[in-house]
Amino acid sequence: MTLVALHRETLGYGRSTVLSEVSFALAPGERVVLLGRSGAGKSTLLNAVYDRLVPQNRVALVPQDHALVPQLSVLRNVVMGRLDDHGAVYNLTSLLHVRPGDRVGIAAVLADLGLADVIDRKVAELSGGQRQRVALGRAWWRGGTVLIGDEPVSAVDETQAETLLKQARDRFDTAVLALHDVALARSYATRLVGLNRNRIVFDAPAEAIDDAQITALYAR
């Protein structure tokens, strides 16, 4: 079974081509990590995969810019993970007065992320690492069959990143993430995809990619 498949596609924005002749497939149970220098096209590929998954799958998304509402509390930002489960009236009342059951569930998620003590603080008051964990909390609260994340642990230290990726692995059987830390990528991924010079240069099980291939990927 394949959840999404791209075959020799050209991807980009408007008339600008970012990736050429891209072929990519995702099967249930795969944890795919995209590697490559900044500007290599990782975000472009993630967006394409996300767009194709959403119509038939429940997808949790952690965008690179977090996509949080700074003026709202952590609690209300996390509530937004399930907004498309309900209609407008239900959602409005949920944001104005978070239901007790939702608060209990979200508090448990935030506790796992080390954010229990900031549940009622505005996101604007938080550090960058805390904001990133709020974005992860929204994804955890949403749940689903697939996690899509664009540098979802870039703002935390290595120990925290390892913990967060373990939570991601426990909560989502299938994922496509862009990561900049190769060691973290190797420890998390079942499959590594390297992008360079507007194309995919390798796509193989994580254990099949050697250090020379990684070094070449980041060479100018």
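The values are calculated or read from the model by the stated rules, or taken from the named source; none is laboratory data. Just so it is clear, the model here is predicted, and its values are computed rather than measured. Neighbour counts are summed over all protein chains in view; Cβ atoms, including those assigned to glycine, are modelled from backbone coordinates with ideal geometry. Just the protein is used for accessible areas: all its heavy atoms, side chains included, with ligands, DNA and RNA removed. Shrake-Rupley method; radii C 1.70, N 1.55, O 1.52, S 1.80 Å.
Take the residues in the range 76-120 that are acidic (Asp, Glu), at pLDDT 90 or above and open to solvent by 80 Å² or more (accessible area, probe 1.4 Å), then tell me which one is farthest from Lys166 (Cα to Cα). Looking at the filtered set, the residue picked out is Asp120. State whether the residues of the range 127-143 include one that is open to solvent by 60 Å² or more (accessible area, probe 1.4 Å) and within 19 Å of Glu30 (Cα to Cα). Within the range 127-143 (the criterion being open to solvent by 60 Å² or more (accessible area, probe 1.4 Å) and within 19 Å of Glu30 (Cα to Cα)), the answer is no, since none of the residues qualifies. Just the residues that are more than 15 Å from Ile200 (Cα to Cα) and open to solvent by 40 Å² or more (accessible area, probe 1.4 Å), please, taken from the range 1-27. Across the range 1-27, the qualifying residues are Met1, Thr2, Tyr13, Gly14, Arg15, Ser16. Taking the criterion of being closer than 22 Å to Val176 by Cβ, in a helix (DSSP H, G or I), touching a Phe, Trp or Tyr at 6+ places or on another chain (Cβ under 9 Å) and small (Gly, Ala, Ser), the only residue of the range 105-146 that qualifies is Ala139. Only one entry in Gln167, Gln213 is surrounded by fewer than 20 Cβ atoms within 10 Å (Cβ to Cβ), in contact (Cβ under 8 Å) with a residue 24 or more places away in the chain and not in a strand (DSSP E or B), namely Gln167. The set of residues from the range 44-64 being touching a residue at least 60 places away in the same chain (Cβ under 8 Å) and open to solvent by 40 Å² or more (accessible area, probe 1.4 Å) comprises Tyr50, Arg58, Leu61, Gln64.
Looking only at the range 28-39, filter to residues that are open to solvent by 30 Å² or more (accessible area, probe 1.4 Å) and either of a type in the set (A, V, I, L, M) or in contact with a helix residue (DSSP H, G or I) (Cβ under 9 Å, 6 or more places away or on another chain) (or both); which one of those is farthest from Gln56 (Cα to Cα)? Here the answer is Arg37. For the range 2-19, the condition holds for no residue, the condition being that it is under 15 Å from the mean Cα position of the chain (by Cα) and at positive phi. Kindly check whether there is at least one residue in the range 179-197 that is farther than 20 Å from Pro28 by Cβ, open to solvent by 10 Å² or more (accessible area, probe 1.4 Å) and assigned to a strand (DSSP E or B). Scanning the range 179-197, I find at least one residue that is farther than 20 Å from Pro28 by Cβ, open to solvent by 10 Å² or more (accessible area, probe 1.4 Å) and assigned to a strand (DSSP E or B), so the answer is yes.
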